[in-house]
Amino acid sequence: MANPGGGTVCNGKLHNHKKQSNGLQGRNCTKNGIVKEAQQNGKTHFYDKLIVESFEEAPLHVMVFTYMGYGIGTLFGYLRDFLRNWGIEKCNAAVERKEQRDFVPLYQDFENFYTRNLYMRIRDNWNRPICSAPGPLFDVMERVSDDYNWTFRFTGRVIKDVINMGSYNFLGLAAKYDESMRTIKDVLEVYGTGVSSTRHEMGTLDKHKELEDVVAKFLNVEAAMVFGMGFATNSMNIPALVGKGCLILSDELNHTSLVLGARLSGATIRIFKHNNTQSLEKLLRDAVIYGQPRTRRAWKKILILVEGVYSMEGSIVHLPQIIALKKKYKAYLYMDEAHSIGAVGPTGRGVTEFFGLDPHEVDVLMGTFTKSFGAAGGYIAGRKDLVDYLRVHSHSAVYASSMSPPIAEQIIRSLKHLMGLDGTTQGLQRVWQLAKNTRYFRQRLQEMGFIIYGNENASVVPLLLYMPGKVAAFARHMLEKKIGVVVVGFPATPLAEARARFCVSAAHTREMLDTPRNLP
């Protein structure tokens, strides 16, 4: 965490919440509204975007009860394992077959301890089957368990009109078919549902080329390349950019796809504290001074990995400062905008627009179409020589199937909608409505006394629950009140920072956002 001691991070400085009013920035923040000074072409530029991020510390008694809860759960877990080993209690978990007792265990006992003894008890709060479009409201198929969540059965009842506070439908573009989607229907009739080939073989369609041109125009960069899967966009392209003899500096809270891509590359990986430019600069300085271990040769290249909006924290990358550092130390910057593209910035063009920066300042711009655009897949954008290189060397382009044509058309339609190329301003209005909804929802949660994390402009709103028992109780209670939420705990979060993660959408009405406040 960038600020484990709590408080508000403003312009890279820590401000105690007790000195704030209504959780907003203090007098010093308002007065010194400068994020970072950067040098470009010999000129000094100032970025006047105020960074207001909250990472409030939990009360001591909450942390004590949280650790006590995990401690008691661990003791009972070992007791239940003892009873299962002696056949007193039935074991429903995956176990080795009798004829393989002498083999090295396929299912490691300790690695599955948490899953077996805690997750399974509250598993009903995840993987809930949805049977409608994931708009602001959706329908949930009711299910029950007769064996403490090891198996489920459907009751045949559908829970109608549940308020959707969990989907990444930031702009409300994931919706049921209407006349605005007519072009998607036309593409489906002409091209069919799939491509059944890779981009290198027979899988590059004119629709893919059109989409790449629109993406490049939207991002204001030279070129872009699209891929059929967002996760693979990171995990399969990072190894094409760096390898043995290279150094990756990764934010400690980066998404698993970035972590996997870094590991697959074979490059040396070093972690810096979340959004902490002092930690990053120390690693950069050491990398330049000392070079590679043992040989002390200079690193072939240094790549900094960050996200635009961090999906578990709701924080926004301190981009101006990081760009200044990467220029100073001659490193490259790779930014994942999965949760920020379409959702951040005056016109939805992401974090570079949010800070008023030139997109060319970021060497590799990555994003997904699964969130704001109501589709699937991802993109890599930037200089034309970068994109041309990836067309040849990307594992995703060589081995993975191409993007489905109707999906490509959905993304084209969404991008043109945002850029006003459909002849309306409705796309821009969606971006503005999302910003209004986000600030309103965060403000109301703070007024109710909840501890929430992240930046005031981030549509991902983590609400801290801490105690493992509260995680299950909160999700179940919300569903009873017809509100669908996503709850997250260890190991996806630190042990004592379990949370509910709300995702605000432009499609949410004020009445929907006020519903949690009116619950008994």
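The values are calculated or read from the model by the stated rules, or taken from the named source; none is laboratory data. Just so you know, these numbers come straight off a predicted model, no measurement behind them. Neighbour counts run over all protein chains shown; Cβ positions are idealised from the backbone, glycine included. Side chains included, ligands, DNA and RNA excluded: accessible areas come from the protein's heavy atoms. Shrake-Rupley method; radii C 1.70, N 1.55, O 1.52, S 1.80 Å.
Quick notes on this structure:
- Any hit, the stretch 105-114, residues being of a type outside the set (D, E), surrounded by 17 or more Cβ atoms within 10 Å (Cβ to Cβ) and under 19 Å from E480 (Cα atoms): no
- Taken as a whole, the condition of being of a type outside the set (D, E, K, R) and in a helix (DSSP H, G or I) applies to L258.
- Scanning the stretch 201-237 for residues that are farther than 23 Å from S257 by Cα, open to solvent by 30 Å² or more (accessible area, probe 1.4 Å), in contact (Cβ under 8 Å) with a residue 40 or more places away in the chain and part of a loop (DSSP other than H, G, I, E, B) gives T204, L205, N220, E222.
- Scanning the stretch 370-387 for residues that are open to solvent by less than 10 Å² (accessible area, probe 1.4 Å) and closer than 9 Å to E222 by Cβ yields A381, G382, V387.
- Looking across the stretch 372-383, just one residue is in contact with a His (Cβ under 8 Å, 6 or more places away or on another chain) and either of a type in the set (G, A, S) or modelled with pLDDT under 95 (or both), and that is G382.
- Of residues in the stretch 121-144 being touching a helix residue (DSSP H, G or I) at 6+ places or on another chain (Cβ under 8 Å), among the charged types (D, E, K, R) and assigned to a helix (DSSP H, G or I), the one surrounded by the most Cβ atoms within 10 Å (Cβ to Cβ): D124
- Residues of the stretch 187-200 satisfying the condition of being of a type outside the set (D, E, K, R) and either surrounded by 13 or more Cβ atoms within 10 Å (Cβ to Cβ) or part of a loop (DSSP other than H, G, I, E, B) (or both): V187, L188, Y191, G192, T193, G194, V195, S196, S197, T198, H200
- Residues considered: I248, I271, I289, I302. Of these, the only one that is exposed (fewer than 14 other Cβ atoms within 10 Å of the Cβ), of a type in the set (A, V, I, L, M, F, W, C) and without any contact (Cβ under 8 Å) to a residue 60 or more places away in the chain is I289.
- Residue in the stretch 114-130 that is at pLDDT 85 or above and over 25 Å from G73 (Cα atoms) present: yes
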